[in-house]
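Since the structure comes first, as structure tokens, the remarks are kept for the end.
Nothing in this text is a laboratory measurement; each read-out follows from the coordinates by a stated rule. Computed from a predicted structure; not experimentally measured. FYI the Cβ positions are ideal-geometry reconstructions off the backbone, even for glycines, and counts take in every protein chain you see.
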Amino acid sequence: MSSVPVTSWFSEIGLVDRPAVGGKGGSLGELTSAGIDVPPGFVVRTEAFEAFIQKLDKKEALRAPIEALDPHDLAAVGECTKAVRARVENSPLPADVRDAILSSYAELCADQPDTPVAVRSSATTEDAEDASFAGLQDTYLWVLGGDQVIQMVRSCWASLYSVESVCYRRKHGLPEASVAMGVVIQRMVDARCAGVMFTRSPTTGDRSVVTIEGAWGLGSAVVSGEVTPDRWVVAKITNEISAREISNKHIQQLAKKGGGIEDVPVPDDQQTAPCLSDEELLKLKEVSLRAERHYGRPQDIEWAIDRHDGRILLLQSRPETVWSATEDKPVAKPAENPLSHVMNIFGGRR
Amino acid sequence: MPEADKKFPLPSSLKVAPGTEAAQAAYPYYQQFEPDDDQRFWFYNSMHFPEPMTVFDMVTAEAAYCALGSSNTRVQSLPTTLGIDCRIINGRVYIGGNGVTDPDEIARRTEEFQKRAFYYYEHWERLYDQWKDKMRKLIQDAQDLPPLSLPEFEPLEHVHAGRGIASNHYLLDTYQKTLEGYFRMWHHHFEFLLLGYGAYMAFFDFCKKAFPEITDQTIARMVAGFEAEIFRPDDEVKRLARCAVELGVDSKFQERTKVDDILASLEQMGEPGREWLKELETSRNPWFNVNVGDGFYHYHRSWNDDLSLPFSALPGYIEKVKAGENLERPVEQLKTERQALIDGYRDMLATDEERTSYDQMITLACRVFPYVEGHKFYCEHWYTNLFFNKIREFGALLSEHGFFEDAEDVFHLSHYEVEAAIIDLMTSWSNGSAPRGPKRFPALIAERKKAIEIWAKMDTPPALGEVPDIIDDPAIVMLWGITRESLNSWLSAGETDPNEIHGFAASNGVVEGTARVVKSVQEIDRLQKSDILVCQVTNPTWAPVFNKISAAVSDIGGSMSHAAIVAREYGLPAVVGTGQATTRIRDGQRVRVDGGRGVVTILN
């Protein structure tokens with residue numbers, strides 16, 4: 001076991017490592033090597049998950065009972081998965097896994113003990129539907145201290161055994177041995193404001209603009225839809241800001257004392273104030289284009305701006321999927337006689 | 001209110017304002033609404049005619065629609081549209097398109113169109129060069145028209161030379177030539193216009209489909225030229241600022257000093273002053289033949305008629321020259337930027353196939369665009385100034401002979417009445433009796449002036465009659481920007497935020513500041529640094545003003561208007577074509593101009 005790495009730093013990995021670190025981890029590694037700022041961190045690799053589950057499996061069969069489930073018998077699935085999740089969440093990790101995670105965590109927090117971190121599941125599957133069950137949304141923010149970190153890692157893993165996720169695997173006959181998950185542990189950004197951005201317009205599919213959405217505080221409020229974010233459209237080439245929709249942002253999510261996050265009212269004078277300056281919008285646009293260029297295709301990105309130094313950090317960048325999945329119909333076919341294009345104007349409606 | 005329940009009034013429901021019936025009747029019979037007009041759709045041409053039209057000024061609508069129609073209907077054979085009909089009521093010009101809907105007829109016209117319009121596109125540069133020659137000749141002819149004179153005795157040399165034709169005949173001759181030249185000019189104006197806009201629109205539509213969120217301004221910037229005539233007047237003012245510094249006469253140009261005083265002081269200071277005045281003359285001919293409006297009203301005077309506008313810009317430019325700033329437009333840099341823009345958007349297209357289409361369309365759009373940008377200087381500015389000034393000369397002659405009090409009163413007569421008055425004068429001069437006009441016209445003119453005042457205060461419905469299901473007339477879409485969507489927004493006007501005024505997003509940026517409502521060029525020097533200019537028309541001739549202001553808002557103009565181009569060039573936010581900014585915004589109010597969205601918000 002000691003020869004297999006349990007954790008990998010972002011700088012050591014990339015998208016090719018997806019089977020071992022998951023999509024989110026691979027993407028953060030990729031961004032790091034592209035020179036884009038991300039909150040520093042590491043991934044708990046799938047090998048650690050495998051070692052843990054094998055240990056549990058040896059003690060008392062875990063995978064076989066799941067594989068025996070009938071996905072239509074929801075009562076049985078519910079009962080079985082509940083028990084498995086309890087085991088995953090409460091059993092001690094193998095000592096070498098636990099030590100490796102704690103040691104990487106200590107290194108991450110070397111300059112400031114008990115630095116808050118985010119613990120985020122990092123799915124290995126390419127299947128979007130599967131991935132969305134497999135705790136893609138599981139992100140634990142403002143986690144403090146080694147014990148909490150270990151607990152949240154187990155919570156991420158446990159999400160693989162949700163009813164929906166298990167049913168999906170059973171319906172598709174996926175072997176339990178193929179199930180794996182990486183877990184990202186990275187320093188928390190104390191965000192003044194945060195949000196998402198798209199290098200291809202989510203509403204129109206336009207490739208020439210970056211749509212930026214943001215609100216005060218942590219990005220979780222925007223991603224979860226609790227706050228209607230401010231919205232801007234920035235042209236990639238001209239830097240023109242062609243849309244500005246400033247919304248009423250009444251709450252923000254901030255760190256809670258003792259760990260975790262909480263909803264806090266936004267001061268009156270800030271509620272309808274834009275959360276980004278034009279200068280910041282253009283900087284965000286630049287960063288998003290670097291990510292797009294690095295990946296060679298449009299990206300959906302999560303970003304945050306550090307409250308203390310104003311730095312832009314990316315928390316996630318993944319390929320845009322909605323528009324890329326639609327067939328691009330050519331806007332106009334080349335014409336043998338270039339003049340015939342004017343008939344689109346003069347020829348009447350067709 | 002549901003969309004379907006909202007309707008524009010019928011023409012027959014519009015009443016002539018009480019007390020103005022006689023003034024209304026002074027417009028030609030063929031411009032009056034008639035009962036059958038209720039069956040058609042009309043819209044108020046506030047873009048070109050935002051104020052009540054004096055009877056004479058209707059000649060512009062008449063000549064322009066006559067030429068536009070013949071180009072569309074008879075010369076180029078546009079497949080889906082004939083010309084524009086025009087009506088006037090309460091001084092407001094309504095127009096309506098004549099669409100072609102029969103598929104067989106469209107097919108027949110398409111075949112003709114491709115023989116005609118395609119030839120123009122293929123030979124664009126040669127035909128445009130030829131156009132410029134024709135236009136210069138037309139301008140020369142107008143400049144060569146003789147001064148008006150009715151001497152007591154025919155000059156002896158005419159008699160001895162056996163001319164045989166007396167001076168009174170030349171009044172009629174000159175008047176008819178003046179009018180003929182104006183009608184002819186409008187044919188030149190439309191010779192290329194629709195084709196030019198059409199090629200631009202083909203590219204524009206392509207960009208809007210490929211990049212749904214691209215702004216109009218960005219597309220405009222991709223085709224904009226840099227040597228266009230519209231920049232020249234402003235460039236000349238900059239040149240004169242440099243000359244003033246080089247000649248050491250710059251101290252004479254102080255803010256708020258009267259033009260005549262400046263000219264006199266330059267004259268007095270000897271050689272350097274006279275040298276500068278010589279440079280001024282070079283600039284004036286022809287580049288100061290730009291008028292302070294769009295050229296459609298007789299009172300849109302030119303810089304040459306009123307030097308206060310270019311002179312008001314001189315102190316600012318001189319200051320910059322002395323500070324070592326380069327006032328030259330960075331043409332090479334602008335060209336590089338434009339190319340980067342074209343290449344950048346090209347790269348973002350999805351396929352090579354689209355890139356080929358894009359190249360085909362932008363190549364054509366860039367070829368035709370110099371005409372779209374350039375024609376206005378020759379037509380709407382230079383020629384129109386010559387025309388109205390010549391009519392003004394007739395006004396002066398007629399007022400001298402007692403037909404009315406002031407030379408400007410001539411514009412309250414129709415062009416038929418002016419001709420009648422001239423023949424009346426010719427007759428009386430020839431037979432020695434008194435002309436009869438002096439008894440007839442003063443009362444009519446007073447009545448019509450009063451009517452204009454009444455009409456100016458009335459609300460004008462933006463459209464009349466049945467709304468068509470689709471607006472498929474390329475001329476109306478291109479020249480007036482009218483679409484089914486814009487009509488819907490007119491129908492729901494008044495249901496939006498009362499502090500917001502909407503217009504065309506002409507030039508990007510957001511600025512807050514003090515609104516300065518400038519109704520005429522005489523008020524130009526009220527503008528303080530960083531004020532927001534609110535005016536009826538932003539126009540390239542106002543360019544020097546853009547040096548001072550922080551944003552521009554206008555009642556008329558489209559996002560492709562020259563005003564918009566100049567605002568973009570100066571990097572100032574601009575919202576144009578609001579229809580109502582000068583009436584709704586009060587001087588000194590704080591406003592926010594969002595040039596990217598086309599919204600002006602009144603803040604207090």
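Side notes on the structure shown:
- Largest GNM mean-square fluctuation across A:S277, A:S27, A:S103, computed for chain A with C-alpha springs under 10 Å, falls on A:S277.
- A:A335 sits among other residues whose Cβ lies under 12 Å from its own Cβ, and their net charge, with Lys and Arg +1 and Asp and Glu -1, is -2.
- Simple label model, 7 Å out from Cα along Cβ direction - B:A420 to A:T115, nm: 9.3
- When chain A is treated as a GNM with alpha-carbon contacts under 10 Å, the residue of A:A34, A:A304, A:A332 showing the greatest mean-square fluctuation is A:A332.
- GNM top mover of A:V77, A:V117, A:V189 - chain A, alpha-carbon springs below 10 Å: A:V77
- Counted residue by residue at 0.36 nm each, then reduced by the alpha carbon distance between them, the extension gain from B:A323 to B:N98 reaches 75.3 nm.
- Distance from the range A:145-171 to the range B:246-290 (C-alpha centre basis), Å: 83
- Near-label residues of the range A:14-47 by backbone N, under 18 Å of a point 7 Å along Cα→Cβ of A:D309: A:32-42
- Degrees separating the helix A:46-59 axis from the principal Cα axis of chain A, which is the longest one: 30
- Acute angle (nearest 10 degrees) that the helix A:146-158 long axis makes with the longest principal axis of chain A, alpha-carbon atoms: 80
- Partner aspartates and glutamates for A:K58 [C-alpha distance under 13 Å; skip if fewer than 8 residues away on the same chain]: A:E50
- Estimated FRET transfer efficiency (B:V331, A:T228; beta-carbon r; R0 51 Å; 0.05): 0.65
- Legend: ranking of residues B:L397, B:L413, B:L364 from fewest to most surrounding C-beta atoms inside 10 Å; resulting order B:L397, B:L364, B:L413.
- For the protein assembly as shown, A:C80, A:C109, A:C156, A:C167, B:C66, B:C86, B:C207, B:C243, B:C366, B:C379, B:C535 have no disulfide-compatible partner, since no other Cys C-beta lies under 4.7 Å from theirs.
- Label-reachable residues, the range B:308-325, where backbone N falls under 11 Å from a point 7 Å from B:T257's Cα toward its Cβ: B:315
- Helix A:18-33 vs. chain A, principal-axis angle (Cα, 0 to 90°, nearest 10): 50
- A Förster radius of 41 Å, combined with the Cβ-Cβ distance separating A:A86 from A:W9, puts the computed FRET efficiency at roughly 0.80.
- In the range B:145-198, the chymotrypsin sites (Phe, Trp or Tyr not before Pro) that fall in loop regions by DSSP, at most 13 other Cβ within 10 Å: B:F153
- Over 18 Å (Cα to Cα) - which of B:K238/B:K548; B:K15/B:K519; A:K24/A:K257; B:K137/B:K238; B:K177/B:K390; B:K258/B:K376 fall in this group: B:K15/B:K519; A:K24/A:K257; B:K137/B:K238; B:K258/B:K376
- C-alpha center-to-center spacing [the range B:134-163, the range B:89-116] in angstrom: 42
- Helical mean residue ellipticity (222 nm; -39500 (n - 2.57) per DSSP H run of 4+; nearest 500) of chain B: -16000 deg cm²/dmol
- Per residue of chain A, the DSSP helices (runs of n ≥ 4 H) give a summed -39500 (n - 2.57) that works out to -10500 deg cm²/dmol at 222 nm.
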